[in-house]
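The values are calculated or read from the model by the stated rules, or taken from the named source; none is laboratory data. All of these numbers come straight from a predicted model, not from anything done at the bench. Here the Cβ positions follow ideal geometry from the backbone for every residue, glycine too, while neighbour counts run over all protein chains shown.
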Amino acid sequence: MKYFFFLFILAFSLNVNSAPHGDELYATHCSSCHGIDGKGGVGVPIALPSFLNSVSNEYLQKTIRHGRPGRIMPAFASLSDAQVSAIVKHVRNWSDKPVPVEDTTVIKGDSEHGKKLFADFCVQCHGEAGSGGKGTGVTFSRKRDLPIIAPALNNTGFLAAASDVMIRDTITLGREGTPMT
């Protein structure tokens, strides 16, 4: 009898560990900054359609893994791949659009012309060196109707996660809740 009880407990614990629940993981690791519904708090809102409809699952996974060094977003290196995937799947429930596929095409362009365009259209929010706006993102001390603080484009975590195509699409399509609309 003890043998069957032991097998039952073992099977139950293996089942629990093999199928992480994204909603619980998100609540534990993400909601204190991004809000229980992904609409922001200390961290930026991630439930925005203009965000979710423009980033791949790989981008979200890399963002969770690498975080944003020097900002408030930590790297979650201790989470298993299954746990990270479960969080991403939970976040995807906030959008009914198809998940964008990561496109790793390297975009070629005229860097001198790009530098001028950056100076004309991007510097005022992202800074001359691309180091972002002041602060860490949306904070509880800010009014909710203010624009999101511009992220650091030179952040190693961002650069590890974002593809050229994702950056191009964000520039082209804009980002809701920011001056890029």
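Here is how the numbers come out for the structure above:
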{"read-out": "Answer from 119, 129 - the residue that is modelled with pLDDT of 80 or more, over 17 Å from the mean Cα position of the chain (by Cα), among the small types (Gly, Ala, Ser) and in a helix (DSSP H, G or I)", "value": "119"}
{"read-out": "Flag if residue 170 is modelled with pLDDT under 90, hydroxyl-bearing (Ser, Thr, Tyr), closer than 21 Å to residue 52 by Cβ and out of contact with any strand residue (DSSP E or B) (no Cβ under 7 Å at 6 or more places or on another chain)", "value": "yes"}
{"read-out": "Filter pass, residue 69 being touching a Gly at 6+ places or on another chain (Cβ under 9 Å) and at pLDDT 90 or above", "value": "no"}
{"read-out": "Meets criteria (surrounded by fewer than 17 Cβ atoms within 10 Å (Cβ to Cβ), within 20 Å of residue 149 (Cβ to Cβ) and in contact (Cβ under 8 Å) with a residue 24 or more places away in the chain) for residue 69", "value": "yes"}
{"read-out": "Residue 133, sole failed condition from (1) in contact with a helix residue (DSSP H, G or I) (Cβ under 9 Å, 6 or more places away or on another chain); (2) surrounded by fewer than 16 Cβ atoms within 10 Å (Cβ to Cβ)", "value": "(2)"}
{"read-out": "Residues being surrounded by 15 or more Cβ atoms within 10 Å (Cβ to Cβ) and not in a helix (DSSP H, G or I) - total across the stretch 154-175", "value": "4"}
{"read-out": "Residue in the stretch 86-125 that is nearest to residue 179 (Cα to Cα), counting only those that are among the small types (Gly, Ala, Ser) and surrounded by 11 or more Cβ atoms within 10 Å (Cβ to Cβ)", "value": "119"}
